Structures are given as C-alpha cells and as structure tokens.
Amino acid sequence: MLINRISPTDRPPRVRRVATFLDLIKFSHTIFALPFALVATFLAVRSTGGRFPDIAQLGLILWCMVSARTFAMTFNRLIDRSFDARNPRTRQRPSVTGALSARWMSGAAAISAVAFVVGALGFEILFANPWPVILAVPVLLFIAFYSFTKRFTWLCHFVIGASLALAPLSAWIALVPPRGPLIDLQILWLAIAVGAWTAGFDLLYSLQDMPIDRREGLFSIPARFGPRVALVISRMLHAITILALAAFGAAWGGGIALGSIYWIGWVVAAALLIIEQSLVKPDDFSRVNLAFMTINGIVGIVFGGLGITAILIQR
C-alpha cells in the first residue's frame with residue numbers, strides 16, 4: 001500500500017485541519033479517563049465537607065485533563081511518524097501523509113503543554129493550592145516518556161496504564177486542602193483500577209501490530225510473548241480492575257462507603273470488561289476495535305455517571 005502524501009499546497013484549510021488533528025489524536029477517547037477524574041473530583045469535594053465542586057474547580061479539572069491528553073497524544077503521533085509510515089494500519093494517518101506537518105503538530109503539542117501548566121497554576125491562584133503547578137512539569141514529562149517505551153521495554157503497556165492512573169490522583173491532589181493529606185487510600189484504589197484497566201485494553205489493542213512490532217524491533221508483550229500470553233495478562237489486569245473498583249466502593253482505608261447505585265455501576269462495568277475480553281481470541285483480532293473503542297467508552301460513561309451519582313446522594 002502506498003502512502004498518499006499531501007504537498008504543503010494541498011493541505012486542508014485551517015478549520016478542517018483542526019478537525020483532522022482532533023481525529024488523529026482520537027480526541028473522543030478523552031472519555032476513557034475523564035469519568036474517573038470526575039469521580040475523584042466529586043469524592044474529593046465530599047471528603048472536604050462540600051457537595052458540588054466549584055464551577056472554577058470543575059472547569060480547571062476539565063481544562064487540565066483535555067490539555068494533558070492532547071499533549072500526550074500529539075507528542076506520540078509526532079515522534080512515531082517513521083514507524084507509522086511503515087505500518088499498513090497507520091500509514092495513512094495525517095501525521096504521515098503530510099496533511100498535518102511536523103511543525104504544526106509541534107506547535108499543537110507546545111500549546112497543549114503550556115495550557116496544562118496554566119490550568120495547574122489556576123489552582124494556586126484561585127484556591128491557594130500549589131501542588132498542581134509543582135507537579136505539572138513532572139506529569140508532562142512522564143506522559144511524554146510513554147511514547148519512547150516501545151523502543152526499549154515490553155512494559156510499555158504498564159507505563160500508559162500509569163499515565164491514565166494519574167487522572168484521578170491529579171484531580172484529588174488539585175482539590176484537597178493544601179495542608180491536608182496528599183493522597184487518600186480510597187483514591188489509590190481508583191488509580192489502581194484505572195491503571196490496570198488501561199494496561200489491559202492497551203494489550204488488546206497492541207495485538208493488531210504484533211507482526212509489525214517484531215519486524216521493526218519494537219517492544220510489546222504480544223511481540224515478545226505471543227497473543228495467548230498477552231490475552232492471559234490482559235484478563236488478569238481486568239480482574240485486578242474489578243477487584244480494585246470493589247475496594248474503592250467499599251471505602252477501604254476509612255473513606256466514603258458508597259451505596260447500591262455505585263454497586264450497580266460496578267456490576268455493569270465488570271460485565272462489560274468480561275464481554276470485552278470475550279471479543280478477542282488468540283487467533284482472531286477482528287473485533288479488537290469493538291472491544292477497545294466501543295466497550296471501553298461505555299465502561300467510562302456508565303461507571304462515571306453512576307459513581308458520581310452515588311457520591312452525590314451519599315450522606
């Protein structure tokens with residue numbers, strides 16, 4: 001398959017270029033981690049005696065989540081262009097064909113990084129909480145680091161899991177009193193759940209590129225150990241997700257125990273993860289996109305919606 005390269009004069013107009021960019025970075029997939037950050041947001045507010053987050057708090061959380069993910073995905077697409085060009089699945093991406101230039105993407109990554117730091121600074125300016133801005137640059141460096149990991153370790157799936165696990169942790173740190181406990185055990189359970197969930201579905205997604213990874217000398221669990229081992233590890237990770245979400249709901253560590261609405265969300269999320277795993281077989285990856293995109297999006301929406309509702313109605 002040939003790459004349909006686009007000359008600079010044939011690039012789409014600016015408005016359409018933005019739409020192309022949002023599709024390239026899969027902006028809609030922000031829904032994967034965002035619900036968990038919002039659950040942490042509402043829990044942090046309830047833990048400090050409030051009920052609803054301040055509109056400025058909520059706005060800053062959303063601003064930071066979107067800008068951090070935009071930076072991470074743009075950086076990833078930018079430095080992986082050479083690999084994407086040799087992969088039949090990705091060689092028609094706008095970052096490869098020239099529909100989006102390296103200069104344009106570098107600018108988008110820089111703007112997103114600055115936007116994230118500015119959003120983190122907002123917590124200190126408006127709420128006298130310095131922790132978000134103190135941790136802003138280390139967070140950006142860590143989520144950028146993921147993009148290099150496939151070059152040297154098959155543990156890359158766990159690094160992306162840790163990157164998304166930062167979402168609920170960051171939301172909590174941004175909203176607790178500056179002199180209060182930095183991390184609550186209940187939020188740690190939520191972060192473990194998000195990290196294991198993400199690493200598990202990233203393993204499923206990476207099955208598609210197993211032959212390419214081997215040819216290119218890239219590292220992944222499927223490329224190193226094969227699809228059967230990869231599926232076993234993915235299923236173990238999603239089992240950990242279900243258990244960690246149960247620990248979160250039960251408020252181990254003295255947090256807020258959640259009621260029946262939360263447990264309905266937990267049952268639905270667990271069922272969806274079982275369905276997700278059943279869609280992918282060691283010799284059949286044809287439904288990976290259904291498992292990765294559709295099922296995970298539903299997990300985020302259902303768990304986030306019912307989790308927030310359970311926190312709001314908790315006395």
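Results, tabulated for the structure shown:
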read-out	value
Index of the failed condition, V45 passing every other in (1) more than 24 Å from A109 (Cα to Cα); (2) out of contact with any Lys or Arg (no Cβ under 9 Å at 6 or more places or on another chain)	(2)
Of all residues in the stretch 97-153 being surrounded by 15 or more Cβ atoms within 10 Å (Cβ to Cβ), touching a residue at least 60 places away in the same chain (Cβ under 8 Å) and of a type in the set (S, T, Y), the one that is nearest to S170 (Cα to Cα)	Y146
Of the criteria (1) over 20 Å from the mean Cα position of the chain (by Cα); (2) in a helix (DSSP H, G or I), which one A68 fails	(1)
Which listed residue, of A136, A167, is touching a helix residue (DSSP H, G or I) at 6+ places or on another chain (Cβ under 7 Å) and either under 20 Å from G304 (Cβ atoms) or among the polar types (S, T, N, Q) (or both)	A167
Near pairs, Cβ below 8 angstrom, 6+ apart or cross-chain, from the stretch 24-45 (modelled with pLDDT of 90 or more) to any residue that is surrounded by 24 or more Cβ atoms within 10 Å (Cβ to Cβ) and acidic (D, E)	none
Hits in the stretch 264-294 - residues which are in contact with a Leu (Cβ under 9 Å, 6 or more places away or on another chain) and within 19 Å of L243 (Cα to Cα)	I264, G265, W266, V268, A269, A270, E276, Q277
Count - residues of the stretch 16-45 that are in a loop (DSSP other than H, G, I, E, B) and of a type in the set (A, V, I, L, M, F, W, C)	3
Any chance A171 is more than 21 Å from A33 (Cα to Cα) and either among the hydroxyl-bearing types (S, T, Y) or in a helix (DSSP H, G or I) (or both)	no
Flag for F83 being within 28 Å of W197 (Cβ to Cβ), touching a residue at least 40 places away in the same chain (Cβ under 8 Å) and surrounded by 20 or more Cβ atoms within 10 Å (Cβ to Cβ)	no
Close pairs (6 angstrom Cβ cut-off, 6 or more residues apart or separate chains): in contact (Cβ under 8 Å) with a residue 40 or more places away in the chain in the stretch 192-205, of a type outside the set (D, E) and not in a helix (DSSP H, G or I) anywhere	L204/V280
Total residues in the stretch 93-106, condition part of a loop (DSSP other than H, G, I, E, B) and over 22 Å from R151 (Cα atoms)	4
Number of the exception - W154 against (1) in contact with a Phe, Trp or Tyr (Cβ under 9 Å, 6 or more places away or on another chain); (2) more than 25 Å from A199 (Cβ to Cβ); (3) modelled with pLDDT of 95 or more; (4) not hydroxyl-bearing (S, T, Y)	(2)
Cross-chain or 6+ apart pairs with Cβ under 6 Å, the stretch 283-295 first and under 15 Å from L272 (Cα atoms), then surrounded by fewer than 19 Cβ atoms within 10 Å (Cβ to Cβ) and acidic (D, E)	none
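This table checks each residue for (1) in contact with a Phe, Trp or Tyr (Cβ under 7 Å, 6 or more places away or on another chain); (2) at pLDDT below 95; (3) within 30 Å of I311 (Cα to Cα).
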residue	(1), (2), (3)
F219	yes, no, no
G226	no, no, no
L231	no, no, no
M236	no, no, yes
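Okay, residues lined up against (1) over 16 Å from F36 (Cβ atoms); (2) more than 23 Å from the chain's Cα centre (by Cα); (3) not hydrophobic (A, V, I, L, M, F, W, C):
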| site | (1), (2), (3) |
| --- | --- |
| R228 | yes, yes, yes |
| I233 | yes, no, no |
| M236 | yes, no, no |
| T241 | no, no, yes |
| A244 | no, no, no |
| A250 | yes, yes, no |
| I261 | yes, yes, no |
| I264 | yes, yes, no |
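The values are calculated or read from the model by the stated rules, or taken from the named source; none is laboratory data. Everything numeric in this text was worked out from a predicted model, so none of it was measured. Note: ideal-geometry Cβ built from the backbone for every residue, glycine included; neighbour counts use all protein chains shown.
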